Amino acid sequence: MIKNAFLIYSLLFSAKVFADPQTIDVYFLSRSPSAFLQYILPGTYQAMGSVALNTADEEKKCVDMGDFCFDPQIGMVENSTFVVDQEKAFKQLDEPEAPNPAKMINAVETNMIDCDKNYYFDMYCGKGKPVKSKEVKLEVWIDTSASMRGVDYHSQDGFCDRRRFVAQLQDSCGNGSGMSVSVFDTGIKEFSSLSQLCDYRGLNDGKRMVDWIKGTTTKHLIIVTDVEEYNNEFREYLDRVKANIHGIGVKPMMSASLLDDLSKMSKKCQ
């Protein structure tokens, strides 16, 4: 009888530990024209606001760039005609920089790597073990992989909409709130500074995110990533658990729109 009672207790405890979060909100961000222009025209693009310029002002503020000029209101123009080939430009954005010669890592070397104990998973980490973090009501996971460069890029290093979102959410939740923030690419770990939220390096994978979600004990989870991650196993999992999906549908979501849901999201850490 004692054995049966212990078995029932173990099953109940396991179900509690591995249960999905009560709520999962995933923000799938699309490429922002302003972020894209800041990336391909560093030092040239300046946000001019939404005030319409008259013809005289347009002539003054159109920056000469060889055969073309860049107008803050409408972009690159030639004889009042749009000449920005977005498909070509985005293709250029996606092309990786010339890589440095890479050293291949074999299985023996993988096991010898000194893994960061704060990582739940790392593709090059052979013996790293996940560390059980303190239970919190709300976890926020921010994508810092290379794909975010065209989604939330700002010319000033260390500042982006992801940082603004987290900083204001922290203020709303308060210093003593049950909230934690993590960044992820090939691995996921708790962030160390706000500027880290604006990184653009590494890769991500939807299958890993599913594994991470299943391993968390938080009640509420917020994930910020790019729209290209809404596919395969990650999409299937989110549909199955009826997650709250933002940015998928008729209207794409830009990074600046993260701030629109602050009041609703801050209630999850109370």
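Along its three principal directions, the equivalent ellipsoid of the range 190-260 from the Cα gyration tensor extends over semi-axes of 20, 18, 13 Å, largest first. Distance between the modelled labels on Ile245 and Ser263, one decimal in nanometres: 2.7 nm (7 Å Cα→Cβ projection). Need one number: the % of Cα-Cα pairs in the range 142-230 sitting beyond the 23 Å mark. Above the 23 Å cut-off, the range 142-230 has 21 percent of its Cα pairs. Sorting Asp260, Asp226 from the fewest to the most surrounding beta carbons within 10 angstrom yields Asp260, Asp226.
Relative to the current alpha-carbon distance between Thr217 and Gln22, full extension at 0.36 nm per residue lengthens the span by 69.2 nm. Net charge of the neighbourhood of Lys268, taken over other residues with C-beta under 9 Å away and scored Lys/Arg +1, Asp/Glu -1, is +3.
Every number here is computed from the coordinates shown, using simple stated rules; none is lab data. Computed from a prediction, not measured in an experiment: that's the story for all the values here. All Cβ positions, glycine included, derive from the backbone under ideal geometry; neighbour counts span all protein chains shown.
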